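See below for the structure under consideration.
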Amino acid sequence: MASLYPLLPLLSGLVILGVVTRDTRIELRLIRYGVRAKGRVIGYNETSTASRMIVQFRTEDGREVHAEHENTGWTASRAGEIVTVSYDPDTPELARIVSAPWLSHWVRGMFATLGAILVAAGLLLGYLAWDWK
């Protein structure tokens, strides 16, 4: 029976790359096609596993929206800071912060690199462990 241990890093890396890819595609779509608005960080929604910023802004039609900023990046924002959000007019509650003085994408790059390393390690371990005769 073939060893299955090489699948652990391979599958872990693929999951990480999938999450990073999904997050990047959503953000790029909003940057290209979304409507931009000035917003204000009004607080945080903290759980035992996550802390998301709550951003308040007005849509083009004047509706006030409170959106939780979901992002893979760690940020250093404070309540009251002005940011630029991009949103889909059909679902403004899913807005993303696209411009802020502290916004950085290095965390996304770090996770993408980790995912690629895990995939490569899984492939190497699979090559060494599995009999390819």
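The values are calculated or read from the model by the stated rules, or taken from the named source; none is laboratory data. Note that the structure is a prediction, hence the values are computed from the model and not measured. All Cβ positions, glycine included, derive from the backbone under ideal geometry; neighbour counts span all protein chains shown. Each accessible area value is taken on the protein alone, full model and side chains, heavy atoms only, with ligands, DNA and RNA left out. Shrake-Rupley method; radii C 1.70, N 1.55, O 1.52, S 1.80 Å.
Taking the criterion of being open to solvent by 50 Å² or more (accessible area, probe 1.4 Å) and modelled with pLDDT of 90 or more, the residues of segment 1-16 that qualify are Leu8, Leu11, Leu14, Val15. In segment 90-111, the residues that are farther than 15 Å from Arg32 by Cα and of a type in the set (S, T, N, Q) reach residues that are modelled with pLDDT under 85 and open to solvent by 30 Å² or more (accessible area, probe 1.4 Å) with C-beta atoms within less than 9 angstrom, at least six apart or across chains, in these pairs: Ser104/Trp74; Ser104/Thr75. Checking each residue in segment 81-107 for being part of a helix (DSSP H, G or I) and open to solvent by 30 Å² or more (accessible area, probe 1.4 Å) picks out only Trp106. For segment 29-57, enumerate the residues that are open to solvent by 80 Å² or more (accessible area, probe 1.4 Å) and either farther than 14 Å from Ala95 by Cα or not in a strand (DSSP E or B) (or both). Matches in segment 29-57: Arg29, Arg32, Tyr33, Tyr44, Glu46, Thr47, Ser48, Thr49.
Being open to solvent by 40 Å² or more (accessible area, probe 1.4 Å), free of Cβ contacts under 8 Å to residues at least 24 places away in the same chain and assigned to a helix (DSSP H, G or I) is a property that Thr21 has.
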